[in-house]
Amino acid sequence: MSSILCTIKTSLKTIKVPKGSNLRTVLLENNIPLYNGKSQTFNCGGIGTCGTCACQVKALNNNIVVEIKDEKPKTMQRGSAEELRLKLPPHFNKNDKIRLACKCIVNEDVIVEKFEGFCGHQYDKLKW
């Protein structure tokens, strides 16, 4: 793990993590409630098949949300398995900033938001 630290901001707290950290792991280690309702019990445990750890991840630059137009930084890139899962119900690939926290590696400062719904898919209802 890197000695370079990245910032993860949520509405609940701000944490510093080593670059290369898994987003799901650090959110859970810092008692940030990643899962909604019964998905706390019924989830895949971080292998990327259930979609319940979905959250919105945006790059931060000097505490300003950065909209990347041409090339997405590594934190924002989805792998092929993650891309496939997010095309399925209930996500249907409706939001290109949604990531599965279990598949998201933090390589830069980010702001993370969680939405309501079993899989965090109600994009009009912010949970945190």
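Every number here is computed from the coordinates shown, using simple stated rules; none is lab data. Please read these numbers as outputs of a predicted model, since none were measured by experiment. With ideal geometry, Cβ positions are generated from the backbone for all residues, glycine too; neighbour counts draw on all protein chains shown.
Brief remarks follow.
- Formal net charge of residues neighbouring residue 103 (Cβ-Cβ distance under 11 Å; K, R +1; D, E -1): +2
- Only one of [x] 14.5; [y] 15.7; [z] 15.0 was calculated from the structure for Kirkwood radius over Cα pairs in Å, and its label is [x].
- Residues of the chain were split at every exposed loop site, defined as GluC sites (Glu not before Pro) in a DSSP loop with at most 12 other C-beta atoms within 10 angstrom, and the longest piece left, sites excluded, is 1-66.
- Computed 3J(HN,Hα) for the range 103-114, one whole-Hz value per residue from the Karplus formula 6.51 cos²θ - 1.76 cosθ + 1.60 where θ = phi - 60°, is 10, 9, 9, 7, 10, 7, 5, 9, 10, 10, 10, 10, glycine and proline marked x.
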